[in-house]
Amino acid sequence: RISSLEGAVELPSHVGQLLLATRDYCDTTWGEFARPSDRRLAQSARLLRISAATHGRDSVSALDCLLLARTLCPEPVLSLELTNFIIPRLAPEPPTGTLRLVLNTAITEAAAALRQSNGEILTSRGVPALIAAKLAALSADVTALCIAAEAEARELDLCAEELGLPPAMPAGTVPGEGTRGGRESGAAVGKGKGGAADGGEGGQADKRVTIVEPHLWLDLAEQAAAVQALRPTVIQRQRALNDLRTLALRAQTLLAVPGEGTRVPGERTCVVPGYSAEAMELSLVAGGATHFFY
């Protein structure tokens, strides 16, 4: 039965990249004799899918990938070293920097175009056709970027859930409010059907990690160590992605067509047509500089 379910389990792209990176690490660290064959890679990928299936999941998770330290390791005595290589690479890494660069470029171009059109975006309100077309294209680019950021956030949320962390801030949440404050203060996480495992020496209370769901194929202490190591990385990536999403939503709002304004919590509804230069006070922080659309 498990074999039949395994075929329906997704292998995310970042897991495929981890497989290849682990293969290359074995090759460069221990020599060609330690390089896993293509057949072994395929068998490892299948094992990851089976692991996910036994937990009732339809996608391979971060903790499933810890099994690669066993399946790809050339010698059992080297498994700990390979584990230390794998753990920092378990979580999805959204291309936040690239998306931010694209967004900053769109913001800069939109700012210049809106200055020329005095804040208007439609030809029916006297905007030259070329400028209106450029603003429409920029609006489409920003919308596509928002969709991409949401997709990256959903993938990161799956990893966060497995680690007992809250999901990334809902789209449009103002930075500094909501769940983010709880994370900054070290809020308790991961209650429910899991158990607690000591992630440090001496069983100190502040070093204990609550396991949301014990992994069937991993030792509890091994799972706790991976969870503790991964959490700071995932939280940092969530925050960077949330900042990007908030900025993108504001840019999307500013370029909205009449009747399509997007409500950003803490801000007024910003439908650009009809705004005077004095009314366009919404600022967007891009690349460390503040751009005012006026």
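Please treat every number below as a calculation from the coordinates, not as lab data. Given the structure is predicted, the values throughout are model-derived calculations rather than measurements. So basically every Cβ, Gly included, is an ideal-geometry build from the backbone, and we count neighbours across all protein chains shown.
Once the Cα-Cα distance is subtracted from the 0.36 nm per residue extended length, the A21 to S3 segment shows a gain of 3.8 nm. Amide H to amide H distances under 5 Å link S59 with E10, where only residues 5 or more positions off or on other chains count and H is placed in the peptide plane.
Neighbours of T98, meaning other residues whose beta-carbon lies under 14 angstrom from its beta-carbon, give a summed charge of -1 when Lys and Arg score +1 and Asp and Glu score -1.
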